[in-house]
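Accompanying notes for the structure given below.
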Amino acid sequence: MISAALPANEPARLAALASYSVLGTSPEASFDDLARLASVICETPIALVSLVDETRQWFKSHIGLDATETPRPVSFCSHAILEGGLFTVEDALRDERFADNPLVVGDPHMRFYAGAVLTSPEGMNLGTLCVIDHRPRVLGDEQTVALSALARQVVVQLELRRQIAERTAAEERLRESQARLQRVFDGSNDGFWDWDLTTGQVEYSPSFAAMLGYTLDELAPRISTMEALVHPDDRIRVRNELASQLEGQTDQYSSEHRMRRRDGEWLWLLARGKVVERDASGLPLRMAGTHSDISTRRRAERELDRFFDLSIDLLCIAGMDGTYRRLNPAFETVLGYSTAELIARPFIDFVHPDDRAKTIAELEALRRGRKTIRFENRYICRNGAIKYFAWTASPAPEEGTVYAAARDITDAKLVEETRLEVDRLKRDFVSTVSHELRTPLTSIRGSLGLLASGVAGELTPTAQQMVAVAERNSVRLIHLINDILDFEKLESGRVEMDLRPTPLQRVLERSIEAISAFAEQEGVRIELQRSAATVIADETRLGQVMVNLLSNAVKFSDRGGVVQIRARPVRNQVEVCVADRGRGIAAAKLHKIFERFHQADSGDSRVHSGTGLGLAICKAIIEQHGGTIDVESREGEGSTFRFRVTGAREVA
Amino acid sequence: MTTKALIIDDEEDVRFVVQMSLGRLGRMNVVEAASGEAGLALAKSEHPTFILLDMMMPGMDGMATFRALRANPETASIPIVFLTAKAMASEVRKLETLGAKGVLLKPFDPLTLAQEIEAILAA
């Protein structure tokens, strides 16, 4: 036995066979009829529609034979397909190729075989329509013709079958695709519409109707339904937008407009669509699209737009390239340029020349992704005025833009500059007063002092008195001026405190020394409890405080009284108390005692600093030391003034 | 030998008070100059024991006069005491660093002026 070789195009042939999806299917009447006709016309007991597969020949129809397949190596058809056309074996026993073939020697005892090859329209030999007999035979001419014709019909049937199978599969895919699409639309709540332009019919999806509050059967499936629902103010625009797509001017139809809901409310929609079918001349035949509810977005946009327009601050979107993209109306209001003018040039053109370099640097930082917080620069308005702005900006690199907001701080800057100017004027004033007032006072005080000393000759008692009065008051004037100037400097923080570790004892002793003459004069004794403490202080200024407090204490003490000074550590500070047992201070006046020009006892000029500034100056000095000062007092019993300053470890 | 004082101050009244104070009470010999330039000239011709120099003067002010006095070898060694209405500790230190012998504040006590100056000069 000789098995047939494989045809040269075997892989392609097998693929073509597979494309018919016929292998393994049940017998069908159309194929069986053709086989039966072959068997009748050729007068054979057996007729087969045989398809040669990779390892077998499989029978779509088997008339007169129970088997549905036989192995390929023993098949006669595999020989037939090598050549095509008609393959005949008149007596298998006499043919060396088939003499010992099991199908010849055994069941079904084939002796005669005639197979008309089934050739596909592409030229693939798929198998045969063959007739088989148990005895050697020869076919007549008409039988041969008929067999060939029937074979062609088998191919026709196979083709038909394939096309039907393909169509069914395509329909299934389409159905699945539509179902999927519908699921998507339903899931997104979008509405779908399909418009046949030739008839004016439109198919609306249930979601389309639902979006507007209708049921599908309440909407007539016509284009007029959609048109009638559009807001009158939007109709012309919608028509134009639709027309653009229908005429092929736009890639896609996209329109934001309002449609009326069943309850009468207007709904903002985004309608999108495309012409899906055009005729040969380009006229649109069919258009399909979607509707999305954008009312929430529009409301949000409207809300934000309102704020954008309302804002007094300047709000803008600028490109990374340095030009404005979008500006709120505040720009026009504040700068005086129109939006068109502002967008036309790089925004750096409007920045004050002196601030351009730093503005460019800031933009550079934004480009690199860093936010801007409180960046100040100046802009020049249309009318030439200069305005100060404080900017906050955030980059949006994915958009290539920067979002920025600016506050007009010109007024605040003006206030600040005015304040600085005022301060400068005050300083100059203090400076001037300092010299101007003191110079004539030098002469006044000098002359009076000299007069009083008798250097210009002896004065009469009355003259002496007068001169004494004048001198006393000129000294008082000098002290007042000193205090005022001193206090002003202290209050504005312009006094340099030379804070260093200072032995407290020294400060206390020196201050006692300074007022000792006055104390003696008043008959008041000073008692000092020795202190080993060291304080961080400006020795001169702290001394000034002590002298002040001691003077007051002496002034308010009665003749024979005692003023006590005590110091003690309190945590990291040192507390100094100056206590007297004098008149005391009325409770009502106590809380104001450290204020300027407060006089606990007006008209008393015994103390050399009866200016009312003494305690205010003390407070200012102590506070500049980072300390605190306060007082305890009871009328008729005396007062204790207490201050605390930072202590230090003792200096050796 | 009597101390000779040179007072350089544009204010006539101040010069008078100094004259009275140092001259009468302090028993010094006092020469007066009303400007920096006049002061320079007098310093060279009178060879005072010390100079009392006002800071704020129109034209050649205290600092300029001070520098000029220092720059001139004839006057460079004469001790100078500044008279000033402004008394910031830092300014005082600055003046002392520059070579002033001392700083006195205006208005001064005419009765103690001489002692104060002597104390400064002795230091």
**Message:** Please go through the range A:286-315 and give me each residue that is assigned to a helix (DSSP H, G or I), surrounded by fewer than 14 Cβ atoms within 10 Å (Cβ to Cβ) and among the hydrophobic types (A, V, I, L, M, F, W, C), ordered by number.
**Reply:** A:Ala300, A:Leu304, A:Phe307, A:Leu310
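Quickly run through the range A:219-237 and pick out the residues that are in contact with a helix residue (DSSP H, G or I) (Cβ under 8 Å, 6 or more places away or on another chain) and touching a residue at least 24 places away in the same chain (Cβ under 8 Å). Steps first, please.
Keep residues of the range A:219-237 that are in contact with a helix residue (DSSP H, G or I) (Cβ under 8 Å, 6 or more places away or on another chain), which gives A:219, A:227, A:230, A:235.
A:Val230 - this is the single residue of the range A:219-237 that is in contact with a helix residue (DSSP H, G or I) (Cβ under 8 Å, 6 or more places away or on another chain) and touching a residue at least 24 places away in the same chain (Cβ under 8 Å).
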**Asked** Going by the structure shown, is B:Ala76 more than 12 Å from chain A (Cβ to nearest Cβ), under 24 Å from A:Gly446 (Cβ atoms) and not in a helix (DSSP H, G or I)?
**Response** no
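Being in a strand (DSSP E or B) and either of a type outside the set (A, V, I, L, M) or at pLDDT below 90 (or both) is the filter here, so list the residues in the range A:571-599 that pass it. Walk me through how you get there before you give the answer.
Quick first cut of the range A:571-599, residues in a strand (DSSP E or B) only: A:573-580.
The answer is A:Gln573, A:Glu575, A:Cys577, A:Asp580.
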**Request:** Exactly one condition in (1) under 30 Å from B:Leu113 (Cβ atoms); (2) surrounded by fewer than 17 Cβ atoms within 10 Å (Cβ to Cβ); (3) touching an Asp or Glu at 6+ places or on another chain (Cβ under 8 Å) is not met by A:His435; state its number.
**Result:** (3)
**Message:** Among the numbered criteria (1) more than 14 Å from chain A (Cβ to nearest Cβ); (2) touching a helix residue (DSSP H, G or I) at 6+ places or on another chain (Cβ under 6 Å); (3) surrounded by fewer than 21 Cβ atoms within 10 Å (Cβ to Cβ), which one does B:His47 miss?
**Reply:** (2)
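Looking at the structure I just gave you, is A:Glu471 in a helix (DSSP H, G or I) and within 9 Å of chain B (Cβ to nearest Cβ)? Write out each step before concluding.
Values: in a helix (DSSP H, G or I): yes; within 9 Å of chain B (Cβ to nearest Cβ): no.
It is false that A:Glu471 is in a helix (DSSP H, G or I) and within 9 Å of chain B (Cβ to nearest Cβ).
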**Asked** Restricting to strands (runs of 3 or more DSSP E) lying wholly in the range A:491-546: which have 1 or more residues that are among the basic types (Lys, Arg), over 28 Å from B:Lys86 (Cβ atoms) and over 60 Å from the mean Cα position of the chain (by Cα)?
**Response** A:525-528
**Prompt:** Has the range A:407-423 got any residue that is within 14 Å of another protein chain (Cβ to nearest Cβ), surrounded by fewer than 17 Cβ atoms within 10 Å (Cβ to Cβ) and in contact (Cβ under 8 Å) with a residue 60 or more places away in the chain?
**Reply:** no
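Give the range A:123-168 a look and list any residue that's in a loop (DSSP other than H, G, I, E, B) and charged (D, E, K, R), or say none. Break it down stepwise before answering.
Taking the range A:123-168 first, the residues in a loop (DSSP other than H, G, I, E, B) are A:123-124, A:134-140.
Scanning the range A:123-168 gives A:Arg135, A:Arg137.
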**Fill in**
Counting only residues in the range A:496-509 that are touching a helix residue (DSSP H, G or I) at 6+ places or on another chain (Cβ under 6 Å) and more than 12 Å from chain B (Cβ to nearest Cβ), the one surrounded by the most Cβ atoms within 10 Å (Cβ to Cβ) is identified as A:Val507
**Message:** Against the definition (touching a Phe, Trp or Tyr at 6+ places or on another chain (Cβ under 6 Å), buried (at least 18 other Cβ atoms within 10 Å of the Cβ) and at pLDDT below 90), how does A:Leu613 come out, yes or no?
**Reply:** yes
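Based on this model, can you work out whether B:Phe82 counts as more than 13 Å from B:Leu53 (Cα to Cα) and either surrounded by 13 or more Cβ atoms within 10 Å (Cβ to Cβ) or more than 9 Å from every other protein chain (Cβ to nearest Cβ) (or both)? Outline the logic, then answer.
Working: more than 13 Å from B:Leu53 (Cα to Cα): no; either surrounded by 13 or more Cβ atoms within 10 Å (Cβ to Cβ) or more than 9 Å from every other protein chain (Cβ to nearest Cβ) (or both): yes.
So B:Phe82 does not fit the description; no.
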**Item:** the range B:1-33, residues that are charged (D, E, K, R), in a helix (DSSP H, G or I) and more than 9 Å from chain A (Cβ to nearest Cβ)
**Value:** B:Arg15
**Request:** Residue by residue through the range A:522-550, note down the ones that are of a type in the set (S, T, N, Q) and buried (at least 22 other Cβ atoms within 10 Å of the Cβ).
**Result:** A:Asn548
**Selection from the range B:97-123 of residues that are in contact with a strand residue (DSSP E or B) (Cβ under 7 Å, 6 or more places away or on another chain) and more than 10 Å from chain A (Cβ to nearest Cβ)** = B:Ala100, B:Lys101, B:Gly102, B:Val103, B:Leu104, B:Glu116, B:Ile117, B:Ile120, B:Leu121
**Request:** Quickly run through the range A:474-525 and pick out the residues that are modelled with pLDDT under 90 and basic (Lys, Arg).
**Result:** A:Arg476, A:Lys489, A:Arg494
**Complete:** In the range B:94-111, anything within 24 Å of A:Leu485 (Cα to Cα) and assigned to a loop (DSSP other than H, G, I, E, B) is listed as B:Lys106, B:Pro107, B:Phe108, B:Asp109, B:Pro110
**Request:** Give me a count of the residues in the range B:1-14 that are crowded, with 18+ Cβ neighbours inside 10 Å and over 12 Å from B:Asp54 (Cβ atoms).
**Result:** 1
**Request:** Spot the failing condition for A:Lys426; the list is (1) touching a residue at least 12 places away in the same chain (Cβ under 8 Å); (2) in a helix (DSSP H, G or I); (3) more than 26 Å from A:Ile484 (Cα to Cα); (4) more than 14 Å from every other protein chain (Cβ to nearest Cβ), and only one is missed.
**Result:** (3)
**Asked** Counting just the residues of the range B:15-32 that are touching a residue at least 60 places away in the same chain (Cβ under 8 Å) and over 20 Å from B:Pro79 (Cβ atoms), which one comes out surrounded by the most Cβ atoms within 10 Å (Cβ to Cβ)?
**Response** B:Val17
**Complete:** By residue number, the members of the range A:445-463 that are assigned to a helix (DSSP H, G or I) and facing chain B (nearest Cβ under 8 Å) are A:Arg445, A:Gly446, A:Ser447, A:Gly449, A:Leu450, A:Ser453
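The values are calculated or read from the model by the stated rules, or taken from the named source; none is laboratory data. All figures in this text were calculated on a predicted structure; none of them were measured in a lab. Ideal geometry is used to build each Cβ from the backbone, glycine not excepted, and the neighbour counts take in all protein chains shown.
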